[in-house]
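> I am attaching a structure below and will ask some questions about it afterwards.
Values quoted throughout were computed directly from the atomic coordinates according to the rules given, and no laboratory measurement underlies them. Treat the numbers as computed from the prediction; the structure is a model and nothing was measured. Note: ideal-geometry Cβ built from the backbone for every residue, glycine included; neighbour counts use all protein chains shown.
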Amino acid sequence: MKLKKKNIIWNTIGITANSFISLFLLIIVKRVNGINPAGIFTYAFSLACLLYVIAVYYNRVYEVADTNNNYSINEYLTTRFFTSFITIILTILFCFINGFDTLKFILIILLTLFKISDAISDCYYGFIQKKDDLAYVGMSFFFKAFLGVGAFLITDIITKNLILSTILLILVNVIILFIDIKKFYSLYNIKYKITTSKVPKLLKETFPIFIFTFLNIFLCNCQKYVIEYFLDESFQTIFAIIVMPATMLSLCGQYILAPFVNDLSKLYNEKTLNKFNNYINKINIVFLFLGLLILLVAYFLGIPVLNIIYDINLGSYKTSFLIIIVGAIFFGLASIISNLLTIIKRNKEQLYVYLVSAIVSLTVSILLIKNYALYGASWAYLITMSIQCLISYILLKYYMKKENN
C-alpha cells in the first residue's frame, strides 16, 4: 500500500511538472527575448509536440499492458529508435519545404530533438513501470522539468540566445535519459541488440493509437499551426498566452476523472449501468461547476494576472480570452467523455470523432483566422471543442442506451 501511494504521488507530480514545461518556457522567452521570438518559440514547440507523436508512436500504456510479452524488450526499443529516426528526417524535410528562416529552422530541429529524447525515455519508463516503480518515472519527469527549465532560464538570462538555451534544455534531458537507461539495466539483465523481425507488426498493430494521439495533439494546437501561415509572430505569442489557462483547465478534467477510472471500469464490466451513469453525471457536474467558477475568475482577474506574468498588455483580447475559456470547458468535458468511451471499449469509434473534429478545426481555423485574425482563432477554438464534445456525448449516450437494451 505504501509503495502504491508513493507511485501515485510521484506520478502525479511528474505528469504535472511535465505538463507545465511549455508554460514556464513561454514566460521566460516572452520576458527575456521579447514578443516575436516568443512567437517563433511557441510555434516550434507546438510543432515539436506533434512530431513527438510520430517518435513515440504507441503509448507507454500499450507497452505496460503487454503482460504476455508478445514483443520483446529489444523489439520495443528498436521500434522506438526507428520512429525517432524517421521523426528527425520528417522534421528536416518539413522545415525545408516551408522555407523557414534560420532561427525558426534551428529551433524546430532542436525542440524536436528535445521531444525525441522524451520519446526514447518513455520506452524505458514502460519497462521500469512494469517492475512497479512508477515513482521513479514520476521523479524522472519532475527533475527533467525542474532542471531543464532552470538551465534554460539561467542560460537565456545570461546570453539571451534561444538556440544556446534550448541546447542546454536538451542536454539536461539527455543526462536524465542516461540515468533512466542505467536504472533500466539495474532491473533487467539483458543486452540490447537491434531486433527488426516484429517491428512492422508492432507498428501496424499500434497504428490506431498513433492516429488517435496525433489527431488529439493536432486538435489542441490547430489554431497555432494555422496562425503561422496568416499572422505574424506577435499574434502567435498572444494566442499562446491566452490559450494557456485553457490548457490547464482541460487537465483538471483528467484529475477529476482519474480516481474513478477503476470504479467505472468495474461497474461497466459488472453491467451495473445505473451506478455507472450516476458516476458520469456527478463527474460532469463537478467539472462544469469548476469550469464555470474558473470562467468567473477569468472574467475579473484573468487578463490582469496574465499581464503581470507575461509583462504584456492584453486588455483588448479579453473577449477572445473568455471565448477560449468556454472552449476549454467543452474540451475538458470531451476529454472526460473520451476516457469513458475508452472504458466501454469504443476506441475505433473515437477515431472518427477525432478525424471529423480535425477536419472541422482546420477548415474553420483557416476561414476565421484569415478573416478575423486572433478573434477568429478564439472562435475557431470554441467551435472545434464544442463540436468534439457534442459528437462524443452523442456517441456515449448511443452506446450506453444500446447497452441498456
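> Hey, any idea what the orientation-averaged projected area of the convex hull of region 201-315's Cα atoms comes to, in nm²?
Orientation-averaged projected area of the Cα hull: 10.9 nm².
> Using Cα positions and a limit of under 18 Å, work out the aspartates and glutamates in reach of residue 198, with same-chain residues fewer than 8 apart set aside.
63, 66, 75
> Kindly state, to the nearest 0.05, the FRET efficiency for residue 193 paired with residue 61, given R0 = 25 Å and r defined as their beta-carbon distance.
The calculated FRET efficiency here is 0.45.
> Let me ask something else about it. How long are the semi-axes of the ellipsoid equivalent to region 240-404, from square roots of 5 times the Cα gyration tensor eigenvalues, in whole Å, largest first?
32, 19, 10
> Cα gyration tensor of region 272-313, axes a ≥ b ≥ c as square roots of the eigenvalues: rounded (a/c below 1.5), prolate (a/b > b/c) or oblate?
Here region 272-313 falls in the prolate category.
> Considering only 330, 10, 259, whose Cα is most displaced toward the positive end of the charge dipole of the chain, charges sitting on Cβ of Lys, Arg (+1) and Asp, Glu (-1)?
Checked the options; the winner is 259.
> Taking Cα atoms of the chain, Rg/Rh with Kirkwood Rh, to two decimals?
When Rh is taken as the Kirkwood radius, the ratio is 0.95.
> How many nm is it between the label spots at residue 69 and residue 9, if each spot is 7 Å from the Cα in line with the beta carbon?
Reported label-point gap for residue 69 and residue 9 is 3.3 nm.
> Among 63, 349, 270, 75, what is the fewest-to-most ranking by other Cβ atoms within 10 Å?
Arranged by neighbour count, lowest to highest, 63, 349, 270, 75 become 270, 349, 75, 63.
> Assign unit charges at the C-beta atoms only (+1 for Lys and Arg, -1 for Asp and Glu), then state the dipole size of region 240-404 relative to its Cα centre in Debye, rounded to the nearest 20.
I would put it at about 520 debye.
> Going by how many other Cβ atoms sit within 10 Å of their own, how do 400, 385, 244 line up, fewest first?
Ascending number of Cβ neighbours within 10 Å: 400, 244, 385.
> A further question on this structure: So how much slack lies between residue 232 and residue 319, counting 0.36 nm per residue of separation and subtracting their Cα-Cα distance, in nm?
29.3 nm
> Could you go through region 27-33 in sequence order and give the Karplus-derived ³J(HN,Hα) for each residue, using 6.51 cos²θ - 1.76 cosθ + 1.60 with θ = phi - 60°, rounded to whole Hz, and x for Gly and Pro?
Residue by residue, region 27-33 yields 4, 4, 5, 5, 6, 8, 9 Hz.
> Strictly over 20 Å apart at the Cα level, which of 5/131; 104/318; 6/183; 4/115; 6/130 would you flag in this model?
Exceeds cut-off: 104/318; 4/115.
> At residue 255 and residue 289, where each label point lies 7 Å from the Cα along Cα→Cβ, what is the point-to-point distance in nanometres?
1.6 nm
> Same structure, new question: Read phi for every residue in region 216-229 and hand back ³J(HN,Hα) as whole Hz from Karplus 6.51 cos²θ - 1.76 cosθ + 1.60, θ = phi - 60°, with x for Gly and Pro.
Ordered by residue, 3J(HN,Hα) equals 4, 5, 4, 4, 5, 10, 3, 4, 5, 5, 6, 4, 3, 9 Hz.
> Ok, one more. Could you name the lysines whose alpha carbon sits less than 22 Å from that of residue 271, not counting residues in the same chain fewer than 8 places away?
Cα-Cα hits under 22 Å: 282, 345, 348, 397, 401, 402.
> Next question, about the same structure. Between residue 282 and residue 217, what is the label-to-label distance in nm when each label sits 7 Å out along the Cα-to-Cβ direction?
Output for this residue pair reads 3.6 nm.
> Could you compute the net charge surrounding residue 303? Neighbours are other residues with a C-beta less than 14 Å from the C-beta of residue 303; K and R count +1, D and E count -1.
0
> Is it possible to state the helix-based mean residue ellipticity at 222 nm for the chain, with each DSSP H run of 4+ residues giving -39500 (n - 2.57), the sum divided by total residues, to the nearest 500 deg cm²/dmol? What is it?
Value at 222 nm, helices only, nearest 500: -30000 deg cm²/dmol.
> Which value, in Å to one decimal place, does the Kirkwood hydrodynamic radius take for region 1-74 when every pair of different Cα atoms is included?
15.5 Å
> Same structure again: If the elastic network links every pair of Cα atoms under 10 Å, which of 371, 274, 11 fluctuates the most in the Gaussian network model of the chain?
Its mean-square fluctuation being the largest, the pick is 274.
> Suppose every K and R has +1 on its Cβ and every D and E has -1 on its Cβ; what is the size of the dipole of the chain about the Cα centre, in Debye to the nearest 20?
Charge dipole, the chain, about its Cα centre: 1040 debye, nearest 20.
> Something else about it: Rounded, prolate or oblate: which fits region 2-205 when a ≥ b ≥ c are the square roots of the eigenvalues of the alpha-carbon gyration tensor, with rounded for a/c under 1.5 and prolate only if a/b beats b/c?
Taking the square roots of the gyration eigenvalues as a ≥ b ≥ c, region 2-205 is oblate.
> Would you tally the net charge around residue 10, using a Cβ to Cβ cut-off of less than 12 Å, leaving residue 10 out, and scoring K and R as +1, D and E as -1?
+2
> Work through the residues other than residue 133 whose Cβ is under 13 Å from its Cβ and net out their charges, Lys, Arg +1 and Asp, Glu -1.
+3
> With springs connecting C-alpha atoms under 10 Å apart, model the chain as a Gaussian network and identify which of 68, 284, 307 has the largest mean-square fluctuation.
Result: 68 has the largest fluctuation of those listed.
> State the answer as a single residue: which of 241, 367, 399 lies farthest towards the positive end of the charge dipole of region 240-404, with beta carbon charges of +1 for Lys and Arg and -1 for Asp and Glu, about the Cα centre.
About the Cα centre, the residue reaching furthest to the positive side is 399.
> Once phi is turned into θ = phi - 60°, what whole-Hz ³J(HN,Hα) does the Karplus curve with 6.51, -1.76 and 1.60 give for every residue of region 129-135, x standing for Gly and Pro?
Rounded to whole hertz, the list is 5, 4, 8, 6, 10, 5, 4.
> Does region 300-346 come out rounded, prolate or oblate, given a ≥ b ≥ c as the square roots of the eigenvalues of its C-alpha gyration tensor, rounded meaning a/c under 1.5 and, failing that, prolate meaning a/b above b/c?
prolate
> Once each part is reduced to its C-alpha centroid, what is the distance from region 170-219 to region 56-75 in angstrom?
Using only Cα atoms, the two centres lie 9 Å from each other.
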